[in-house]
Amino acid sequence: MAKTFEIAVFEGDGIGPEITAPTVDILAQISGANADYALNFTYAPAGAAHYAKTGVALPQESLKLARQSDAILLSAMGLPAVRYEDGTEISPQIDLRRELDLFAGVRPVRIVPGQRSPLKLDGGQAIDFVLIRESTEGLFYSQGRGDVSVDEARETLVITRATSEKLFRFAFELARQRKVAGSGPGKVTCVDKANVFRAFAFFREIFDAEAKRHPDLSADHAYVDATALWMVERPWVFDVLVTENMFGDILSDLGAGIMGGLGLAPSADIGEHHAVFQPCHGSAPDIAGRGVANPFAMILSAAMMLEWLGTRHEIAAMSKDGAALRFAVDRAISDGSGTTRDLGGNCSTQDAATAALEALAAFA
């Protein structure tokens, strides 16, 4: 009998609903054709538009639904014009990370043949690495609670041993999984600024202690500024990168940039018991309602969700479907059948989603 998974869906703001609808439709078709699992979708209100109407960005009922679900599919959140009284933007996705202790922010960086990139690649190097961003503390720890006076402002960076240990265990396990799958050499790089800040020297010490527990894998270090340079000059040298929250926030956008834009940048925020899957990009209210948004980051996030659930629950068919969906998006990009305007084409949101779904048939 097929196992049914409960998926909480947050449609988000701006283009969020436009890229969510075809993604859920694809997931429904994939799961509907599989005898090993089923997906049940329940929509949860949240976001900037909801805050503008009700004064609440993340209702308790939506948070309860997220806690009770097997996975959370979350679209683009926030609107630049809608802010809290202190001037910060509405960001329920960050609230979910804290509430559900989603300490590992997973940001894949992949460039496939035919994919536009600002990098001049000769085609000989494979670009396929993963950036893991700690997502609950670091420089984001005091978000909304910083000290501001007339003459100065202070924010607090927090790095704890408990969270760092979980983060590094996750990073090494991911490197092992990638090595077994043939996706990487089994190397983890700790990205920090340990030459300047005691907090990052502490971070590095915890990393080194965890590295000793994985003699079958390799480990090294890189300062964050050098990492930014190498991501542009020689991104093929990386496998798994792990870093602090703010550094990860910045480097993940750089990763999206070398892939050709945020429209191709999926992500996951994963904890020990829960996980959120969402595109890295914003809500793009300037193009909302026009049907031209690139849905691929959302669809690729859904593929990550299938693979995570399949691995977690040992359902091989689910992991296979997630990988097939990722390859289908690759095909739609490389052959041009699904290129939206940000990728140099003229496909609509639905055209791009349909191209991915048609390419998926080739992996059936």
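Odds and ends about this structure:
- Number of positions in region 219-258 that are closer than 22 Å to LEU74 by Cα, surrounded by 23 or more Cβ atoms within 10 Å (Cβ to Cβ) and over 14 Å from the mean Cα position of the chain (by Cα): 0
- Residue satisfying all of: in region 332-347; hydroxyl-bearing (Ser, Thr, Tyr) and surrounded by fewer than 20 Cβ atoms within 10 Å (Cβ to Cβ); nearest to ILE30 (Cα to Cα) among these: SER337
- Region 62-89, subset free of Cβ contacts under 8 Å to residues at least 60 places away in the same chain and either among the polar types (S, T, N, Q) or surrounded by 20 or more Cβ atoms within 10 Å (Cβ to Cβ) (or both), residue farthest from LEU309 (Cα to Cα): THR88
- Some residue of region 144-164 being in a helix (DSSP H, G or I) and within 21 Å of the chain's Cα centre (by Cα): yes
- Any hit, region 246-266, residues being in contact with a strand residue (DSSP E or B) (Cβ under 8 Å, 6 or more places away or on another chain), over 23 Å from GLU205 (Cα atoms) and aromatic (Phe, Trp, Tyr): no
- Test: residue in region 177-197 that is within 24 Å of GLN115 (Cβ to Cβ), assigned by TED's automatic domain parsing to the domain that holds ASP122, out of contact with any Leu (no Cβ under 7 Å at 6 or more places or on another chain) and aliphatic (A, V, I, L, M): yes
- LEU102 being closer than 26 Å to ASP25 by Cα, at pLDDT 95 or above, crowded, with 16+ Cβ neighbours inside 10 Å and in contact with a strand residue (DSSP E or B) (Cβ under 7 Å, 6 or more places away or on another chain): no
- Top-ranked residue of region 45-61 - restricted to ones that are of a type in the set (A, V, I, L, M) and not in a loop (DSSP other than H, G, I, E, B), ranked as surrounded by the fewest Cβ atoms within 10 Å (Cβ to Cβ): ALA52
- Candidate set: region 274-327, residues that are free of Cβ contacts under 8 Å to residues at least 12 places away in the same chain and not in a helix (DSSP H, G or I); chosen: the one nearest to ASP249 (Cα to Cα): ASP286
- Tally of residues being outside any helix (DSSP H, G or I) and touching a strand residue (DSSP E or B) at 6+ places or on another chain (Cβ under 8 Å) across region 1-44: 20
- Residues of region 1-14 that are under 21 Å from ASP95 (Cβ atoms) and either among the aliphatic types (A, V, I, L, M) or surrounded by 17 or more Cβ atoms within 10 Å (Cβ to Cβ) (or both): ILE7, ALA8, VAL9, PHE10, GLU11, GLY12, ASP13, GLY14.
- Region 133-177 - residue that is of a type in the set (D, E, K, R) and touching a helix residue (DSSP H, G or I) at 6+ places or on another chain (Cβ under 9 Å) and, of those, modelled with the lowest pLDDT: GLU137
- If you go through region 174-225 and keep only what is in a loop (DSSP other than H, G, I, E, B) and hydroxyl-bearing (Ser, Thr, Tyr), you end up with just SER183.
- Counting only residues that are closer than 30 Å to VAL56 by Cα and either basic (Lys, Arg) or free of Cβ contacts under 8 Å to residues at least 60 places away in the same chain (or both), region 95-124 holds 5 of them.
The values are calculated or read from the model by the stated rules, or taken from the named source; none is laboratory data. Note that the structure is a prediction, hence the values are computed from the model and not measured. When we count neighbours, we look across all protein chains shown, and the Cβ atoms used for this are built from the backbone with ideal geometry, even at glycine.
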